[in-house]
Amino acid sequence: MSNAEIQPAELRCGGPAGEGASPVIEVLTARQVPLGGPRAMPVRRTLPQRARTLIGAWCFADHYGPDYVSTTGGMDVAPHPHTGLQTASWLFAGEIEHRDSLGSHAFVRPGELNLMTGGSGISHTEVSTPRTTVLHGVQLWVALPDEHRATARDFQHYVPDDVRLDGGTARVFLGTLAGDTSPVRTFTPLLGAELSVEPDATVTLSIDPEFEHGLLVDTGDVILNGTALKPTELGYAAPGGGTLTVENGGTGTARLVLLGGPPFGEEIIMWWNFIGRTHDDIVRAREDWEHASDRFGRVEGYPGDRLPAPALPNATLSPRRNPAPATKDAR
Ligand code: MN
């Protein structure tokens, strides 16, 4: 997926987090952003935002659908670059055809992780297939730590098993949860899982106390550690707790995506589809893309032009740090 904002802000993300008293759940709401495509399919973005820029190394979370492709035209993202990050595609419904400059040609389908590593530079396309009537899923980005951000391009595909929980199921696509571990390599410890919670059930998950977590609600009204979350909201839990409890008081199964990782600890700068450490990193990546440098390679098989980079802001924008988690002053 490409960040389709016309004037993307340059965001400095990360930085020191606060020393924690007991964490409370912060509710992060989504903002609507038009994605590319014939009729600009809308997506709901919960990361990054002013209140929170990273959860572990997760630095970007777009949630879309159920999107009726006959109405919106679906997804059609022309060749565009990435650097310094991995993209994780996870669908609930529909199918996306992926092509990249590594030569990968893959179909992204529900319940199957597709993880693309941009490293120093990659380019790709994402197009919903003609047999897709409803498109529904998430597109997530993972920031690469400084020592690995120029790593080689890579593409991995993984289909996790359903793990039975008391009150639901989990599909662990990255990291470890409920006794299941994904074999997919990440460059920092990460957790990524789809959760289903049955009606009138409560799921209790043991989590790594070093991790911070985000629970994105796709369907259902749930209560996360005592805080109500509605569909499209992301509940943030700071490090320090050993369990997450997710209660579904509704009449339908709740579907959620759980993200986690230890606080990233590095400041990054995100602009458009690039992650760097300095303004100059971003300027260079943009120039390399605009000059069709080998850095990003070429995508074969897409019937159209590549996406031009937006204009850079005139000045480096003021840094935005990841704020300290909210804390309870009484317990
Ligand atoms: Mn992309």
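The values are calculated or read from the model by the stated rules, or taken from the named source; none is laboratory data. The structure displayed is predicted, hence computed values, not measured ones. Cβ placement follows ideal geometry from the backbone for every residue including glycine, while neighbour counts extend to all protein chains displayed. Note: areas computed on protein heavy atoms with side chains; ligands, DNA, RNA excluded. Shrake-Rupley method; radii C 1.70, N 1.55, O 1.52, S 1.80 Å.
If you go through the range 111-124 and pick out every residue that is out of contact with any helix residue (DSSP H, G or I) (no Cβ under 9 Å at 6 or more places or on another chain) and away from the ligand (no atom under 13 Å from the Cβ), you end up with 3. Based on what the data block shows, is Gly249 touching a residue at least 40 places away in the same chain (Cβ under 8 Å), surrounded by fewer than 21 Cβ atoms within 10 Å (Cβ to Cβ) and small (Gly, Ala, Ser)? Spelling it out, Gly249 is indeed touching a residue at least 40 places away in the same chain (Cβ under 8 Å), surrounded by fewer than 21 Cβ atoms within 10 Å (Cβ to Cβ) and small (Gly, Ala, Ser).
Go through the range 223-309 and tell me which strands (runs of 3 or more DSSP E), entirely inside it, have 3 or more residues that are more than 16 Å from the ligand (Cβ to nearest atom) and closer than 30 Å to Val172 by Cβ.
Those strands (runs of 3 or more DSSP E) span 227-229, 234-237, 243-248, 254-261.
Residue check: is Arg286 within 20 Å of Trp141 (Cβ to Cβ), modelled with pLDDT of 95 or more and open to solvent by 60 Å² or more (accessible area, probe 1.4 Å)? Give the derivation first.
Numbers: within 20 Å of Trp141 (Cβ to Cβ): yes; modelled with pLDDT of 95 or more: yes; open to solvent by 60 Å² or more (accessible area, probe 1.4 Å): no.
Spelling it out, it is not the case that Arg286 is within 20 Å of Trp141 (Cβ to Cβ), modelled with pLDDT of 95 or more and open to solvent by 60 Å² or more (accessible area, probe 1.4 Å).
Please count how many residues of the range 298-323 are among the small types (Gly, Ala, Ser), at pLDDT 65 or above and over 14 Å from Ala78 (Cα atoms). Can you show your working first?
Quick first cut of the range 298-323, residues among the small types (Gly, Ala, Ser) only: 301, 304, 309, 311, 315, 318.
Narrowing the set further to residues that are at pLDDT 65 or above leaves 301, 304, 309, 311, 315.
Next, from what is left, pick out any that are over 14 Å from Ala78 (Cα atoms): 311, 315.
Residues that pass the stated criteria total 2.
Inside the range 99-124, residues that are more than 17 Å from the chain's Cα centre (by Cα), touching a residue at least 24 places away in the same chain (Cβ under 8 Å) and outside any loop (DSSP other than H, G, I, E, B) make up a count of 6.
In the list Pro23, Pro34, Pro42, Pro79, which residue meets the criterion of being modelled with pLDDT under 90 and over 18 Å from the mean Cα position of the chain (by Cα)? If you could, list the steps in order and put the result at the bottom.
Details: Pro34 fails: over 18 Å from the mean Cα position of the chain (by Cα); Pro42 fails: over 18 Å from the mean Cα position of the chain (by Cα); Pro79 fails: modelled with pLDDT under 90.
Just one listed residue meets the conditions, Pro23.
Look through the range 202-223, keep the residues that are open to solvent by less than 30 Å² (accessible area, probe 1.4 Å) and not hydrophobic (A, V, I, L, M, F, W, C), and return whichever of them is nearest to the chain's Cα centre (by Cα). Looking at residues that are open to solvent by less than 30 Å² (accessible area, probe 1.4 Å) and not hydrophobic (A, V, I, L, M, F, W, C), I get Gly214.
Pull up the range 63-85, narrow it to residues that are hydrophobic (A, V, I, L, M, F, W, C) and buried (at least 23 other Cβ atoms within 10 Å of the Cβ), then point me to the one that is farthest from Phe107 (Cα to Cα). I'd like the intermediate steps shown before the answer.
In the first step, residues of the range 63-85 are kept if they are hydrophobic (A, V, I, L, M, F, W, C); the result is 69, 75, 77-78, 85.
With the extra rule that they be buried (at least 23 other Cβ atoms within 10 Å of the Cβ), the set shrinks to 75, 85.
Working: Met75: 13, Leu85: 21 Å.
Step by step, filter the range 63-85, then rank; the result is Leu85.
Among the residues of the range 47-62, those that are open to solvent by less than 10 Å² (accessible area, probe 1.4 Å) and either assigned to a strand (DSSP E or B) or among the small types (Gly, Ala, Ser) (or both) comprise Leu47, Arg52, Ile55, Gly56, Ala57, Trp58, Cys59, Phe60, Ala61, Asp62. Residues in the range 86-104 that are within 14 Å of Pro130 (Cα to Cα) and of a type outside the set (A, V, I, L, M) were compared, and the one that is surrounded by the most Cβ atoms within 10 Å (Cβ to Cβ) is Gly94. Filtering Val142, Val69, Val134 for residues that are in contact (Cβ under 8 Å) with a residue 60 or more places away in the chain and out of contact with any Ser or Thr (no Cβ under 8 Å at 6 or more places or on another chain) leaves a single hit, Val134.
Close Cβ contacts (under 7 Å, 6 or more residues apart or on different chains) running from residues in the range 146-168 that are touching a residue at least 12 places away in the same chain (Cβ under 8 Å) to residues that are assigned to a loop (DSSP other than H, G, I, E, B) and basic (Lys, Arg) comprise Asp146/Arg277. Counted as qualifying within the range 125-189 are the strands (runs of 3 or more DSSP E) with 1 or more residues that are more than 13 Å from Ala88 (Cβ to Cβ) and away from the ligand (no atom under 16 Å from the Cβ), namely 134-143, 163-165, 168-174.
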